[in-house]
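Beneath this line is the structure, given in C-alpha cells, with notes to follow.
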Amino acid sequence: MSWDGFVEGLRSFVVWSMDATAVPIIIYFILINTSLLLLIVLAYLEFRAQQRRRSTAVSWQGAGLAPGVSLLVPAYNEEAGIVMAVKSFLTLRYPRHEVVVVDDGSSDQTFARLAEAFDLVQVPRELPHEIPVRATVLGIYVPRDGRTRLVVVRKENSGRSEAINVAINAASEPLVAMIDGDSILEPDGLLHVTRPFADDPTRMVATGGAIRPVNGSRVVSGRIVRVEMPQTWLPRIQLVEYLRAFLLGRTGWSRLGGLILISGAFGLFRRDVVVEVGGLDPDSIGEDFELVMRIHKRLRDEGRDYAIEFVPEPVSWTEVPVTAKVLRNQRRRWHRGLWETLWAYRTMLFRRKYGRVGWLALPYYWLFELIAPLLELFGILIVPLALALGVVNVPYAILFLVLAYGYAVLVTLSAMVVDEWAFHKHDRWRAVWQTIAASVLENIGYRQATVWWRLEGWWSSLRGKKHVWGVMTRTGFDEDAA
Amino acid sequence: MIVGAALLVGATVVILGACVLLIIAVVAVRARRHSRNQRDEMLLSPLRQPLITVAAGEDDDGTAAEELTWATGVSRTVLDRNIAEMLTKVRGVPAEQLVHVLEVHGAVDAAVDDLTSRSTVKRARAAQLLGLARAERTVPLLVEALGDESVEVRNSAAYALGLIGDPVAAGPVLAAIGAPERGLPAATAAEALQSMGVGISGVLRDGMADPNARTRMVAAHLSGERSFTRGLPELRRLLDFDPDLTVRETSAVAIGRLGRGEDVGILVSHTASSEPLALRRACVVALGELGETEAIPALVLLLGDADPRLAELAATALLTMGPDGRHALAGHDDEPAVRTARLLASLQKASA
C-alpha cells in the first residue's frame with residue numbers, strides 16, 4: 001500500500017470513528033458535566049449549612065457522649081517518623097483515646113525506636129480473633145509507665161490491611177480510626193470526626209474526614225505550625241485534586257446520602273460494625289473503598305437504619321507523592337482498586353434496597369470515575385490524529401478543548417472558593433495564585449499522564465496480574481518544611 | 001458538526017467567564033475577611049484594656065465595666081461579640097459585670113427579639129447569648145426554640161438552657177432529641193442536661209421509656225453519670241429487653257456505676273456466650289465497677305472464655321475486688337489473661 005493510500009485509509013478510519021462516537025461522547029460530556037454541576041450545588045448547600053453550623057457552633061469538648069477512640073496505626077519501615085507521629089496522636093485533644101501501632105514486620109528500626117521512646121514492656125496478652133488474620137503475632141507491648149494509652153503489636157509482614165485487622169482485634173474502644181503512620185492529625189480532628197457519632201449514637205457507623213497534602217508546610221513535633229504550598233508543581237496539582245475530591249465530591253455525596261468512599265488515610269468506624277463485616281479484605285487493592293461498600297451492603301441487606309457521613313473540616317494531613325514514579329504506582333493502585341470493588345459489588349446496581357447507593361453513587365462511579373479515563377484516552381489519541389490529518393476544523397477543535405478543560409478548571413475554582421470561604425488554611429496570597437495556576441497546569445500533561453496510569457491499573461487487573469505494592473518514598477517531617 | 005460553532009463559542013465564553021468570576025470571588029472573600037478583621041481590631045483596640053481588666057476580675061471599683069458601657073455603633077457590636085465569646089470562659093463577678101455591660105447595651109433585649117428573626121444565624125446566636133447571659137426569664141422562649149426548623153437554633157437553645165441550668169427545661173430538652181424531622185443532636189442534649197442539677201432524675205426515668213433509641217440512650221447514660229438510683233429499674237429493663245444494642249451497652253455501664261448487689265445477677269446473665277460480644281464485655285466491666293463479691297464466681301468462670309479480651313477484663317475486674325477477688329485468681333496464674341491483668345495492674349501501681 002502506498003503512503004497516500006495509508007493516509008487516506010487512516011483518514012477514513014478517523015472520520016468514521018469520530019462520526020460513530022460523536023453523539024455518545026457529547027451525551028457523556030453533558031452527563032458528566034451536569035453531574036459535576038449537581039455535586040457542586042449539593043456541596044455548596046452542604047457548606048452553607050456547615051458554615052452556618054460553624055458560625056453558630058457551641059463549644060463541645062467531647063464530654064458526656066463522646067465515644068472512646070482507638071487510633072489504628074499500621075507501620076512498615078517508618079523509623080523516621082513513627083515516634084513523633086505516635087506522640088502527636090497521644091496528645092490529641094480528646095477525652096478518651098488510645099493508640100494501637102502494628103509494626104508490620106518492619107526490616108528497619110521502627111520497633112526499636114518505639115521501644116526506646118516509650119520504654120515498652122511485653123505483655124503476655126492474647127489477642128481476640130474477632131477478625132481472622134493469617135500472619136503470626138510476635139508480641140504485644142505497652143509502655144512501662146502504666147498510664148500512656150499505647151499498645152504496640154509486632155507481627156510478621158503481611159500488608160497494611162492485615163495490620164489494620166490485627167489493630168482492630170487489639171483495640172479496646174468502641175470507635176476505630178484508621179490512620180497512616182505518616183499522617184498528621186489536627187489537634188481537634190478527633191473532636192470533629194466523632195461529633196456525628198455523639199450526635200447520633202445509635203445510627204452513625206462511619207465518618208470520613210477531609211485530607212490535605214502536607215508537603216511544604218512547616219511541621220514541628222508532629223503539629224503543623226504553618227500551612228504552606230508544596231514547593232514543586234506535582235504535589236501542588238495533587239493539592240488541587242484533593243480540594244476537588246474532598247470539598248466537592250465527598251461533601252456532595254454525603255449531602256445526598258450516598259457516600260461510598262472514605263479515604264484510607266483517615267476514616268472512623270464503629271468497631272463492632274467493622275468486626276461484624278469481617279474487617280478489611282487483605283486481598284483487596286482498594287481495601288478502604290471495599291470496606292465501606294461491604295458495610296453498606298450488609299446493613300442494607302439487613303434493613304438496618306444507619307448513617308455514614310463526611311466531615312469536611314481538614315482532619316488529616318498527608319504527604320503526597322513528589323515523583324512521577326510513585327504517583328504512577330499510586331494511581332494504578334487506586335484505579336485497580338476502584339474497578340475491582342465496583343465489579344465485586346455490581347449486584348448492588350439499580351436495586352431498590354440499596355437506595356441512593358445503588359441508584360446514584362454506584363452508577364456515577366462506574367460511568368464517571370471508572371470509564372472516564374478510557375474515553376479521555378480516546379480523545380487524547382483521536383483529536384491530535386484528526387488535526388494532523390486535517391479532518392477537523394482547527395479553531396473548532398481548540399474551542400472544544402478550551403471548553404472541556406475550562407470546565408475542569410471551573411470545578412477546581414469552585415472548590416477553591418469553598419475552601420477560602422470555609423477554611424482559609426493558606427495565609428499567603430501567593431498560595432492563591434499558585435493554586436489557580438495548578439488548576440490550569442493540571443490539564444497540560446498531568447491529566448493525560450494520570451489517565452494512562454489509571455488505565456494501566458485497570459488493564460493489569462483485567463489481565464489478572466498480581467499487584468505489587470510500591471514503596472512510597474517519604475521525606476519525613478522535621479522542624480523545617482516537610 | 002454535532003455541536004454548532006455558535007453554541008460552542010457561547011458555552012466556552014460562559015465557562016471562561018464563570019472561571020473569572022470564581023477567581024474574583026476567591027479574591028473578594030479573602031480581601032473581605034482581611035479588611036473585616038482589621039476593622040474589628042481597630043474598633044476594639046481602645047476597649048481592649050478595660051475588657052481585659054473586667055474579665056480578669058481586677059475591676060474592683062467598676063470603672064472599666066462602666067467604660068465598656070459607653071461603646072456605641074459598630075464598636076458596640078464588635079465589643080458585644082467579644083464579650084459573648086469571653087462569657088464562655090469567665091465565671092463569677094467578672095461574668096456578672098460583662099452581662100451587665102450587655103444589658104446596658106440592650107444586647108439581651110435585642111437577642112430576645114432576634115429569636116424570631118428570619119436569619120438562622122441570628123436566631124442561633126441570640127439563643128446562645130441568652131444562655132451566656134444566664135437570662136432565666138427567657139427559659140420559655142428557649143424551650144420554644146428547641147422546636148425551631150433549624151438544627152443550629154435547636155442546638156443553640158439547648159446549649160443556652162444548659163448554661164441557665166433550670167431543671168424545668170429538662171423534659172423538653174430530652175423530648176427534643178427524638179422529635180420527628182426536627183431532632184436535637186444527642187451530644188448537645190446530654191451536655192445541657194448534665195448541668196441541670198438533681199431535679200431531672202424523674203425526667204430521665206421517663207426518658208428511658210421513650211420510643212426513640214437516642215433518647216433512651218441519653219437518659220440511660222445520664223442516669224449512670226449522675227448516679228440517679230431512681231432510674232435503676234428502668235436501666236435493668238433496658239439492659240434486658242431494649243432492641244438497640246447501644247442502649248443495652250449504655251445501660252450496663254450505668255448499672256455498673258450506680259447498681260447494687262442485686263444487680264450482679266442481671267449483669268452476669270448478659271455475659272452469657274449467646275449475647276453480643278460488645279454487651280458481654282460491657283457487663284464484665286460493669287461487674288468490676290460494681291465491686292460486689294457475689295460476682296466473683298461468675299467472673300472466675302469467664303477467665304477461661306474463648307474471647308481473650310473478655311477473659312482479661314474478668315481478671316482485671318477480679319483484681320479490683322480486694323483480697324477476695326485476688327484470692328479467686330489463685331490457680332489461674334498460667335492463663336495469659338490473668339498474667340496480663342496482673343502485669344498491667346503492677347505497672348499502674350508502680351507509676352502511681
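Is it true that B:R248 is within 12 Å of another protein chain (Cβ to nearest Cβ) and within 30 Å of B:R182 (Cβ to Cβ)? So B:R248 passes the test.
A:G390 fulfils the conditions (1) more than 22 Å from the chain's Cα centre (by Cα); (2) within 14 Å of chain B (Cβ to nearest Cβ) except for a single criterion, (2). Those helices (runs of 4 or more DSSP H) of the stretch B:74-175 in which at least 2 residues are within 24 Å of the chain's Cα centre (by Cα), considering only elements entirely within it, cover B:92-105, B:120-132, B:139-145, B:151-164. Condition test on A:L37, is it modelled with pLDDT under 80, more than 10 Å from chain B (Cβ to nearest Cβ), surrounded by fewer than 17 Cβ atoms within 10 Å (Cβ to Cβ) and part of a helix (DSSP H, G or I)? Here the answer is yes, as A:L37 does meet what is asked.
A:Q330 falls short on exactly one of the conditions (1) farther than 28 Å from A:W233 by Cα; (2) more than 14 Å from chain B (Cβ to nearest Cβ), and that condition is (1). Against the definition (assigned to a helix (DSSP H, G or I), out of contact with any Gly (no Cβ under 7 Å at 6 or more places or on another chain) and without any contact (Cβ under 8 Å) to a residue 40 or more places away in the chain), how does B:E181 come out, yes or no? In short, no.
Suppose the filter is in a helix (DSSP H, G or I), crowded, with 21+ Cβ neighbours inside 10 Å, of a type in the set (G, A, S) and under 18 Å from the mean Cα position of the chain (by Cα); does A:G358 pass it? Against the criterion (in a helix (DSSP H, G or I), crowded, with 21+ Cβ neighbours inside 10 Å, of a type in the set (G, A, S) and under 18 Å from the mean Cα position of the chain (by Cα)), A:G358 does not qualify. Checked against the criterion of being crowded, with 19+ Cβ neighbours inside 10 Å, within 11 Å of chain A (Cβ to nearest Cβ), within 30 Å of B:A64 (Cα to Cα) and in contact with a helix residue (DSSP H, G or I) (Cβ under 9 Å, 6 or more places away or on another chain), the candidates B:A107, B:A158, B:A127 yield just one match: B:A127. Could you list, ordered by first residue, the pairs with Cβ atoms under 8 Å in which the first is in the stretch B:261-289 and outside any helix (DSSP H, G or I) and the second is among the β-branched types (V, I, T), at least 6 apart or interchain? Filtered contacts from the stretch B:261-289: B:T271/B:V284. Taken over the stretch A:44-89, the criterion of being in contact with a Gly (Cβ under 6 Å, 6 or more places away or on another chain), of a type in the set (A, V, I, L, M, F, W, C) and assigned to a helix (DSSP H, G or I) is satisfied by A:I82, A:M84, A:A85. If the condition is being closer than 20 Å to A:R223 by Cβ and more than 14 Å from chain B (Cβ to nearest Cβ), then the stretch A:62-86 contributes A:V69, A:L71, A:V73, A:A75, A:E78, A:A80, A:G81, A:I82, A:V83, A:M84, A:A85, A:V86. Checking the stretch B:21-38 against the condition returns no match, with no residue being more than 14 Å from chain A (Cβ to nearest Cβ), surrounded by 11 or more Cβ atoms within 10 Å (Cβ to Cβ) and of a type in the set (K, R).
The condition of being in the same structural domain as A:W233 (by TED's automatic domain parsing) and modelled with pLDDT of 95 or more holds for only one of A:R333, A:R300, that being A:R300. Taken over the stretch B:290-316, the criterion of being among the acidic types (D, E), within 12 Å of chain A (Cβ to nearest Cβ) and not in a loop (DSSP other than H, G, I, E, B) is satisfied by B:E312 alone.
The values are calculated or read from the model by the stated rules, or taken from the named source; none is laboratory data. Given the structure is predicted, the values throughout are model-derived calculations rather than measurements. We place every Cβ from the backbone using ideal geometry, glycine too, and count neighbours over all the protein chains shown.
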